[in-house]
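> The structure follows.
The values are calculated or read from the model by the stated rules, or taken from the named source; none is laboratory data. This one's a predicted model, so the numbers in the text were calculated from it and none came from an experiment. We place every Cβ from the backbone using ideal geometry, glycine too, and count neighbours over all the protein chains shown. All accessible areas refer to the heavy atoms of the entire protein, side chains included, with ligands and DNA or RNA removed. Shrake-Rupley method; radii C 1.70, N 1.55, O 1.52, S 1.80 Å.
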Amino acid sequence: MLASLGPLAVLAISASALSYPPIHARQDSSPTFEGQDLVAQAHLTGPNNVEAVVTFRGTVGAATEYTIEVLGGLTNTSLSHSYHIHTNPVGEGNNCTATKGHLDPLGVTDSVKCSKDMPAFCEEGDLSGKHGTLNGTESGAIPEQKFEDEFIRFYPESFSILGRSIVLHGENKSRLACGNIVSPLDGTASIDENGNWTPTNQTSSFQKTYPTGPSPPSKPAVTPFAGTSIIDSAAVPTASAVPLSVSATIADVTAGAAAASETPKDGNGASASRVGLGLAAVALGAALLV
């Protein structure tokens, strides 16, 4: 019976799964940071005079605002530079490799192509994927740009940008520059009355848990959706794949819808269920279109 619904019905199901209201970075008041400004900053440096500054400002119950300004070094006008929040601090001697992989508490991974139109399917730390890459200029500098990100958080710890780092990438994902995210919130920076930031060179008093193993290898990215159309059946996970049977995928969509309708205490689960719901919709579409 469901097979007779046809492609349009499948697309409608997929579209309805993706029309769930945007999940905001519900930065509820935290006893740890009560009465303090939610601010953090990263000063990125690297060879060939590459330098950039990224500043974050959070508001309870709203999206996090951040600005990025490149002070110099990006002189290759034919190259677009990506940049991400990484899980670990910069290593000794400005070792950018020590920063490990992207901040990705929901386990989205970079095998799903991040899109500005669908940021809920992006890693939390994929800033350029959600807001655009940085194009080189003749001077090497790029004026300050401002963005709002509904998924960047200062807490809880596993989602927090505190104690992390930012890496600016070059060609073939090389690491051109990096810098620690510092903040008065976790004792890694101070701000004077004129707004000048000074790192304390202390470890984060808030972030206690870091990945210790090697960074997971990157995989070819797939684009699971374009608007409301299914364009790539390869977006369905394969290792622990959702069975491509009508009965199984219907159950997954139903379960995903139920999970997405719940409001988790800290807002974290909603993002995870939304990702699961979208992938279940892909699986359902693939099953009915085969």
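> Would you tally the residues in the stretch 69-87 being among the hydrophobic types (A, V, I, L, M, F, W, C), surrounded by fewer than 21 Cβ atoms within 10 Å (Cβ to Cβ) and under 20 Å from ASP149 (Cα atoms)?
So the count comes out to 0.
> Moving to a separate point now. Taking the criterion of being surrounded by 22 or more Cβ atoms within 10 Å (Cβ to Cβ), within 17 Å of LEU38 (Cβ to Cβ) and not acidic (Asp, Glu), would at least one residue in the stretch 136-148 satisfy it?
Taking every residue of the stretch 136-148 in turn, none turns out to be surrounded by 22 or more Cβ atoms within 10 Å (Cβ to Cβ), within 17 Å of LEU38 (Cβ to Cβ) and not acidic (Asp, Glu).
> All but one of (1) under 18 Å from THR55 (Cβ atoms); (2) at pLDDT below 95; (3) open to solvent by 10 Å² or more (accessible area, probe 1.4 Å) hold for VAL90; which doesn't?
Status for VAL90: all satisfied but (2).
> Looking only at the stretch 50-75, which residues are under 20 Å from LYS130 (Cα atoms), assigned to a strand (DSSP E or B) and of a type in the set (Val, Ile, Thr)?
If the condition is that a residue be under 20 Å from LYS130 (Cα atoms), assigned to a strand (DSSP E or B) and of a type in the set (Val, Ile, Thr), then VAL53, VAL54, THR55, THR64, THR67, ILE68, VAL70 are the ones that fit.
> Further, regarding this structure: Please go through the stretch 27-44 and give me each residue that is open to solvent by less than 50 Å² (accessible area, probe 1.4 Å) and either of a type in the set (A, V, I, L, M, F, W, C) or modelled with pLDDT of 95 or more (or both), ordered by number.
Of everything in the stretch 27-44, those that are open to solvent by less than 50 Å² (accessible area, probe 1.4 Å) and either of a type in the set (A, V, I, L, M, F, W, C) or modelled with pLDDT of 95 or more (or both) turn out to be PHE33, LEU38, VAL39, ALA40, GLN41, ALA42, LEU44.
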